[in-house]
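Here the structure comes first, spelled out in structure tokens, and everything after it is commentary.
What follows draws every value from the coordinates through simple rules; no lab data is involved. All values reported here derive from a predicted model rather than from experimental measurement. FYI the Cβ positions are ideal-geometry reconstructions off the backbone, even for glycines, and counts take in every protein chain you see.
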């Protein structure tokens, strides 16, 4: 195996391990903050797919931003989420929307950072 492939495997394994660790923290340790079982899994899968695509294109910055976006988005969602009541009287909270938007925004920032840095090298 050549050095380039080994380096890419190292980065994708590291990003996947970091995402899984963040997932475990958000889903199990911080469960009392949000009470949601499914949404952390959905964003984990999205993060793993994003990191996999980034690894194909050797996008280390995008992988870093994906992991950062997962945990920072969660923190933003918990910090800025607002409780409410729906039309039927059920309890709601918008933390998952804030988490998702923050997560996607940080991934987009990572993609832009990756593109700009590659253009500067060329």
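Among 83, 32, 58, which comes first, second and so on when ranked by fewest other beta-carbon atoms within 10 Å? The partial results should precede the final answer.
On the way: 83 9, 32 6, 58 14.
Ascending number of Cβ neighbours within 10 Å: 32, 83, 58.
Kindly express, to the nearest 10 degrees and within the range 0 to 90, the angle between helix 60-80's C-alpha long axis and the longest C-alpha principal axis of the chain.
10 degrees
Please order 30, 57 by the number of other Cβ within 10 Å, starting at the fewest.
57, 30
Which of rounded, prolate, oblate describes the range 43-102, given a ≥ b ≥ c as roots of the alpha-carbon gyration tensor eigenvalues and a/c under 1.5 marking rounded, otherwise prolate only if a/b is larger than b/c?
prolate
Compute the acute angle (0 to 90°) between the alpha-carbon long axis of helix 39-56 and the principal axis of greatest extent of the alpha-carbon atoms of the chain; round to the nearest 10°.
Long axis of 39-56 versus the principal axis of the chain: about 10 degrees.
Taking other Cβ within 10 Å of each residue's Cβ, how do 117, 102, 51 sort, fewest first? Numbers along the way, then the final one.
On the way: 117 12, 102 19, 51 26.
Exposure proxy ranking, most exposed first: 117, 102, 51.
Could you give the angle, 0 to 90 degrees to the nearest 10, between helix 3-24's Cα long axis and the longest principal axis of the Cα atoms of the chain?
With rounding to tens, the tilt is 10 degrees.
Indicate the gyration tensor shape class of the range 1-72 (rounded, prolate or oblate), computed on the Cα atoms with a ≥ b ≥ c the square roots of the eigenvalues: a/c under 1.5 is rounded; otherwise a/b larger than b/c is prolate and the rest oblate.
Judged from the Cα gyration tensor, the range 1-72 comes out prolate (a/c at least 1.5, a/b above b/c).
For mean projected area of the Cα convex hull in nm², the choices are (i) 12.1; (ii) 8.6; (iii) 7.1; which was calculated from the structure?
Here mean projected area of the Cα convex hull in nm² agrees with entry (ii).
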